[in-house]
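The values are calculated or read from the model by the stated rules, or taken from the named source; none is laboratory data. Please read these numbers as outputs of a predicted model, since none were measured by experiment. In this analysis, Cβ positions are derived from the backbone assuming ideal geometry, glycine residues included, and neighbour counts consider all displayed protein chains. Just so you know, the surface numbers come from the protein's heavy atoms only, side chains and all, with ligands and any DNA or RNA stripped out. Shrake-Rupley method; radii C 1.70, N 1.55, O 1.52, S 1.80 Å.
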Amino acid sequence: LCSPDFLYHVERSDYLDEHALAARLSYFFWSSMPDEGLLQLADAGKLRDAKTLRAETERMLNDPKSQRFIEDFLGQWLNLRKIAANDPDRKLYPEFSAYLQDSMIAESRAYFRELLEKDLNASYLVRSDFAMLNEKLAALYGIPGVSGSQIRRVPLPADCARGPFLTQAAVMKVTANGTTTSPVPRGAFVMARFLGQPPEPPPPNIPAVEPDVQGATTIRELLDKHRSITACAGCHSKMDPPGFALESFDVIGGQRDHYRAIRNAEDAPAPRGNIDPFIGISFKLGPAVDPSGVLPDGRSFNSIQEFQKLLAADTQKLLKNLAEQFCIYATGRPVGFSDRAEIAGIVDRTQKKGGGIRTLIHELVQSRLFLPVGPNVKPPVTTPTIINIAATPTRRTPPNLPVTIDVKVSAAVKPTTTVATNSTAAAPPVARPPVRFRLIGLATPDRLDDLRQELTEIPEIQLVDLDVEKQEITLAYDFQRLYPLAGANHQPQPDQLREQLSNLLKRESRGLFSLKPLLSESREKLRREEIAVSIQDCKACCLCVYHTAIKVDGVEQAAVDGKTGRLTVWLDPTKSDLTPLKDALAKAKIEPAKP
């Protein structure tokens, strides 16, 4: 009973046989074992056929058991499993009830079912012209003409913010604490769940912002003081705008123009609004809500409706994130750095077919992320993507003025030749001189290629040089993006700059890479050794060897090449004995290569 083969689905990482594929399909859509139809196709060896796979996907989505997929996926993706984690304050929200909470969950599930059945595009995640409502929800939302307990599709006027997941009451409740709302958790939720850009954890020793439950001070006023801390400004400039837009909704998802408060200066009761006349109210009218904000790219909004339009305009980003969420749910593993090209292909093919969410699921099931290509299966022919860092235009190319290195991270940093662009157009110098760091991570050739591509998507950073041999990287950074609230004369300290850039790189590479200061000793003084180890050419094995080596005292840096089975280490000259390293490898059951 303790055997992993009994407790888990044991799958090869590079290939799924017919029965493993049947199980993956069944647990994806039904959260249960394969039925007779799937097993018969697996026995006959026909399940892997593209047409059969598409037909089975359709059959399973149309089956009533697919409701399990809707419930489980939304429970994990939108965190709806925690909707009952807290109860709203009865003094502030007397209209809340268990029936209303059940209706919230039913709305989200019915809406997702509608997206699947109608194959609607990703913009409907954040903006919609319809909602799935019953009478209780319609009363909360202030939408007339809906009666009865049955959830049904209700058309909405053009200026209504209701309908999509972004503004549903269930999402508003799971992102609030029961008494107050804050732009910080709601903004972080939007970034992570809808945009696929989870923010970094807060710096240590920085206290959380506590809202004023008495209603004398708005959360925006409290955050303005918090954002003045330089260490907090970078993340808050991205995280707060979505949160400010969602301040249009209270703890239980009701739309508001003012906060609710226990008391106010006039001690006057708040307007009843949509609250049932038989429910007594005692809360007061608090400060006005300001849902305006400015996105990091400079676009501004003054209302939740304007914010929805800005988000809905970038359907590719919404679709890419949803593809990753589906992939994580279907395969049981996070999307890796090397999966990004396949994800991009899934999104592109979906976009060409109309961008529908049901189409996205079909493309995922037909992809190599869901159906790995084994050694006996001929992979599809694809055109390789060649990325030229120097020639590829990006939206955050460094300024058109020459820049030189004048920031020293350590004594090993030396001035280099001037780096200039070819353009002669005048432009304000927004970038600062490039700086060099140690690159910490599993720097295999394929991952470095992924890293180069990933850096083109990070607006704060540009790659200047990547020395594979020395495992060092030179980056230019956009000062105004990296420190949006800092003054023009602000000069970041080397450690502060490295931490900012390292956090960006670690977040965008999903924890695979980070930065360290340059070595205290130059490369010429370090002792370089190569050790042949018996490992498979897989990322997990290489990562195990890398982490084992880098933790050994005296090992300053390490690199692993899985194809040749070569471990390269750079040793502190005062601790050049290889015995501790070999002992650590042996303890980790990493054997030396046989002659």
Margin query: Run the Debye formula on the Cα coordinates of the stretch 1-143, all scatterers equal and no solvent, and tell me log10 I(q)/I(0) at q = 0.15, 0.18, 0.22 1/Å.
Written below: -0.91, -1.12, -1.39
Next item on the list: Sum up the charges of everything whose Cβ sits under 15 Å from the Cβ of Gly280, counting Lys and Arg as +1 and Asp and Glu as -1, but leave Gly280 out.
Entry: +2
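Apply the a/c threshold of 1.5 to the C-alpha gyration tensor of the stretch 115-194 and tell me whether it is rounded, prolate or oblate.
Because a/c hits 1.5 or more and a/b fails to exceed b/c, the stretch 115-194 counts as oblate.
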Next item on the list: Sticking with the crude label model, points 7 Å out along Cα→Cβ, report the distance from His490 to Thr564 in nm, one decimal please.
Entry: 4.4 nm
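Sort 143-151, 109-117, 326-334 by the packing proxy (mean of other Cβ within 10 Å over each peptide's residues), most packed first.
Put in order of decreasing packing, that is 109-117, 326-334, 143-151.
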Note to self: Once you order the gyration tensor axes a ≥ b ≥ c over the Cα atoms, which shape class does the stretch 97-156 get: rounded for a/c under 1.5, otherwise prolate or oblate by comparing a/b with b/c?
What the structure shows: prolate
Notebook entry, point to check: Can you tell me the accessible area per residue over the stretch 290-339, all protein chains present, probe 1.4 angstrom, in square angstrom?
Noted result: 41 Å²
Item checked: Neighbourhood charge, 12 Å Cβ-Cβ cut-off, centred on Leu156 and excluding it, Lys, Arg +1 and Asp, Glu -1 -> +1
Notebook entry, point to check: Ignoring any ligand, DNA or RNA, what whole percent of the accessible area of the stretch 297-373 comes from carbon and sulfur when the probe is 1.4 angstrom?
Noted result: 48 percent
Notebook entry, point to check: When ligands, DNA and RNA are left out and all protein chains stay put, how many square angstrom of accessible area per residue does the stretch 1-142 have with a 1.4 Å probe?
Noted result: 48 Å²
Checklist line | Protection-proxy order for peptides 165-177, 273-285, each taking the mean of Cβ atoms within 10 Å per residue, highest first | finding: 165-177, 273-285
